[in-house]
1. Which of the residues spanning the stretch 28-45 are under 14 Å from residue 106 (Cα atoms) and either in a helix (DSSP H, G or I) or open to solvent by 80 Å² or more (accessible area, probe 1.4 Å) (or both)?
2. Take the residues of the stretch 124-145 that are open to solvent by 30 Å² or more (accessible area, probe 1.4 Å) and touching a residue at least 12 places away in the same chain (Cβ under 8 Å): which is farthest from residue 104 (Cα to Cα)?
3. Return the residue satisfying two criteria in turn: it lies in the stretch 1-27 and is free of Cβ contacts under 8 Å to residues at least 60 places away in the same chain and either in a helix (DSSP H, G or I) or closer than 20 Å to residue 141 by Cα (or both), and of such residues it is nearest to the chain's Cα centre (by Cα).
4. Can you go through 45, 77 and tell me which one is more than 21 Å from the chain's Cα centre (by Cα) and aromatic (Phe, Trp, Tyr)?
5. Counting only residues that are among the small types (Gly, Ala, Ser) and closer than 30 Å to residue 31 by Cβ, how many does the stretch 116-135 have?
6. Can you tell me which residue within the stretch 100-115, out of those that are hydrophobic (A, V, I, L, M, F, W, C) and part of a strand (DSSP E or B), is farthest from residue 27 (Cα to Cα)?
7. Can you pull out every residue in the stretch 100-113 that is of a type outside the set (A, V, I, L, M, F, W, C), closer than 22 Å to residue 79 by Cα and buried (at least 19 other Cβ atoms within 10 Å of the Cβ)?
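The values are calculated or read from the model by the stated rules, or taken from the named source; none is laboratory data. None of the values given here were measured: they were computed from a predicted structure. Please note: Cβ atoms are built from the backbone with ideal geometry, for glycine as well, and neighbour counts cover all protein chains shown. Surface areas here come from the heavy atoms of the whole protein model, side chains and all, with no ligands, DNA or RNA. Shrake-Rupley method; radii C 1.70, N 1.55, O 1.52, S 1.80 Å.
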Amino acid sequence: MERLVINSYEEFAQHLGQELGKSDYILVDQDRINLFADATMDHQWIHVDTEKAKAESPFGQTIAHGYLTLSLIPVLWEQIIEVHNLERMMNYGMDKMKFGQPVLSGQSVRMTTTLSEIQNLRGAIKTTIRFVIDIKETGKKAVEGDATFIYYFKKD
């Protein structure tokens, strides 16, 4: 997949209101779910106990943590865009986030993004990216929302 290359505020601004791209799909398997559970200390049975989930879960198997799906944004975002001439980039916030369909263990997700806002803050660029993470196997949305990033481009 070819990434969108951005070198300046002006290049970024040209994409206002447009889809920036889609990532590849990434597998959310039980190993990834277990590692996330260990990292966050969230070992709720619906995520990690495959036998109990098979017997008692309404999904018939384990599901990914919603925050695991959300945590994939950086790796998926990097597949979509390549920003050059940066001093640094910072995550600024998340808004209007809504979890839709749970991601079952063994399903794959990808992200589609649109540039919904951009502001030049005299040396810093504040972007609001509308994102949708969908599930390959169902076509349904796992999570959607607005991610705000601040980019500091190098001064000439």
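1. Initial filter on the stretch 28-45 (under 14 Å from residue 106 (Cα atoms)): 28-34.
Hits for the stretch 28-45 are 30, 31, 32, 33, 34.
2. At the first step, the residues of the stretch 124-145 found to be open to solvent by 30 Å² or more (accessible area, probe 1.4 Å) are 126, 130, 132, 136-141.
From what is left, the residues that are touching a residue at least 12 places away in the same chain (Cβ under 8 Å) are 126, 130, 132, 136-138, 140-141.
Numbers: 126: 34, 130: 24, 132: 17, 136: 11, 137: 10, 138: 10, 140: 12, 141: 13 Å.
That would be 126.
3. Within the stretch 1-27, the subset free of Cβ contacts under 8 Å to residues at least 60 places away in the same chain is 2, 10-11, 14.
Restricting the remaining residues to those that are either in a helix (DSSP H, G or I) or closer than 20 Å to residue 141 by Cα (or both) gives 10-11.
On the way: 10: 25, 11: 22 Å.
If we take residues in the stretch 1-27 being free of Cβ contacts under 8 Å to residues at least 60 places away in the same chain and either in a helix (DSSP H, G or I) or closer than 20 Å to residue 141 by Cα (or both), then 11 is nearest to the chain's Cα centre (by Cα).
4. Details: 77 fails: more than 21 Å from the chain's Cα centre (by Cα).
Result of the check over 45, 77: 45.
5. First, the residues of the stretch 116-135 that are among the small types (Gly, Ala, Ser): 116, 123-124.
Subset that is closer than 30 Å to residue 31 by Cβ: none.
Matching residues across the stretch 116-135 total 0.
6. Start the filter on the stretch 100-115 by keeping residues that are hydrophobic (A, V, I, L, M, F, W, C), which leaves 103-104, 109, 111, 115.
Remaining after also requiring part of a strand (DSSP E or B): 104, 109, 111, 115.
Numbers: 104: 10, 109: 7, 111: 13, 115: 26 Å.
Out of the qualifying residues, it is 115.
7. So the first thing to find is which residues in the stretch 100-113 are of a type outside the set (A, V, I, L, M, F, W, C), and the list is 100-102, 105-108, 110, 112-113.
Imposing the further condition that a residue be closer than 22 Å to residue 79 by Cα reduces the set to 106-108, 110, 112-113.
Across the stretch 100-113, the qualifying residues are 107, 110, 113.
Each row is one residue, and each column tells you yes or no for (1) open to solvent by 70 Å² or more (accessible area, probe 1.4 Å); (2) at positive phi; (3) among the hydroxyl-bearing types (Ser, Thr, Tyr); (4) in a loop (DSSP other than H, G, I, E, B).
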position: 87; (1), (2), (3), (4): yes, no, no, no
position: 92; (1), (2), (3), (4): yes, no, yes, no
position: 98; (1), (2), (3), (4): yes, no, no, no
position: 117; (1), (2), (3), (4): yes, no, no, no
position: 148; (1), (2), (3), (4): no, no, yes, no
position: 151; (1), (2), (3), (4): no, no, yes, no
